[in-house]
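What follows is one structure encoded as structure tokens, with my remarks underneath.
Derivation of every value follows stated rules applied to the coordinates shown; laboratory data play no part. Treat the numbers as computed from the prediction; the structure is a model and nothing was measured. Neighbour counts are summed over all protein chains in view; Cβ atoms, including those assigned to glycine, are modelled from backbone coordinates with ideal geometry.
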Amino acid sequence: MLRAAGRRFLRLGLEHRAPTAAVAARGYHERVVDHYDNPRNVGSFDKNDPTVGTGLVGAPACGDVMKLQIKVDDATGKIVDACFKTFGCGSAIASSSVATEWVKGKHMEEVLSIKNTEIAKHLSLPPVKLHCSMLAEDAIKAAVKDYEAKKAKLAAGNAETTQTEKVASA
Amino acid sequence: MASRFAPRLFLRRLRMRRRAQPISSLHEASAESAGVGGDRIFSPSGSWSPPDFHCISRVFFSARPSLLDEGKGPAAIDYPSLLPEEEFHRLADETIHELLENFEEYGDAIQIDDYEVDYGNHVLTLKLGSLGTYVINKQTPNRQIWLSSPVSGPSRFDWDAMSNTWVYRRTKANLFQLLEEEVGQLCGQPISLR
């Protein structure tokens, strides 16, 4: 008897809710829509600026390209600003937008531990869109790597100049 | 698409006039890969056939240097070293079909609520009810099989000819092994996919 009553209740509920439930099941999570409608930190830094690290990941053929840039304070190693430009689906845009929000104010080593699973959970990404969050994680790592490579190059360049100066003055 | 036909006319005239002149190749545009994890940057879409592309780009370069900027946009895929598309499709389809059959058999053997195996448009979806959903699909431009797992998240498998298996380069995981371990653990009953 309970089971029958339950079934009746369910049917009633379903009748009322069916249309909206169907839409909600296929729609983007509200956080994704929010990032899409109000994207944070869209833009570009000068990639030749020595305090800027640029991470470019993905491929147009696959449907997603993300460019994530970080501006680092050389003295403290903290990320003072970040911006992104993404070509791809709503989930990809939201993932990279979230990534720029999360890296601001953090130390470079710290952001390397940002995991794609965290981004995916935050945006309630469906299974097929988990790859977007992975791309965002990769973009962060690529940006940090680029900045460090630039820094190393500059340091090497400076070392060489000091050496040449020493030789010259000797 | 008028630009596709004009070069061919031009090429014919060019050949008539300058037989001995060597036409330099446009392949210097190729090596701009800054992708992370083996992804290729700006590869042209898979629908371009290599011979046509080379033919057109040669004419542009030798005849009209200003169009070089247009041709320089996407970096060319290094076709010789890439797994041929046909072979990729054959291997990937075989793998996915094998998985499909095994998952269907497994579903008959175990009792999980809302167990569902779905296959459409070369995308294999394995629903395990409240335990999560697996999605396995081909990513042709990268010659990869992409997996989305409720346990380990996203991973991308490349074909390893040496071991005849699909391997995720970052973790060295084997596709079949990973699925066997995860699904077996989730559903509480071992599954064999090989």
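Some points to look at:
- FRET E, pair residue B:101, residue A:31, Förster distance 35 Å, beta-carbon r, rounded to 0.05: 0.40
- Per-residue average of Cβ from other chains inside 10 Å of B:143-149: 3
- Size of segment B:94-163 as Cα extents on the principal axes (Å, biggest first): 36, 25, 22
- Under 5 Å, built H, 5+ apart or other chain: amide partners of residue A:64: A:59
- Near residue B:167: Cβ cut-off under 9 Å, other residues only, Lys/Arg at +1 and Asp/Glu at -1. The net charge is 0.
- Residue-averaged beta-carbon neighbours from other chains (10 angstrom radius) around A:56-69: 5
- Per residue of A:130-139, other chain Cβ atoms within 10 Å of the residue Cβ number 4 on average.
- A straight line joining the Cα centroids of segment B:129-194 and segment A:110-170 runs 28 Å.
- Residue B:130 sits among other residues whose Cβ lies under 9 Å from its own Cβ, and their net charge, with Lys and Arg +1 and Asp and Glu -1, is -2.
- Area projected by the alpha carbon convex hull of segment A:16-140, averaged over all directions, nm²: 8.3
- Segment residue B:114..residue B:161, full-extension length gain: 13.3 nm, with 0.36 nm per residue of separation and the alpha-carbon distance subtracted.
- FRET E, pair residue B:89, residue A:73, Förster distance 45 Å, beta-carbon r, rounded to 0.05: 0.35
- Structure note, pairs A:121/A:145; A:47/A:166; A:67/A:121: Cα-Cα distances above 30 angstrom occur for A:47/A:166.
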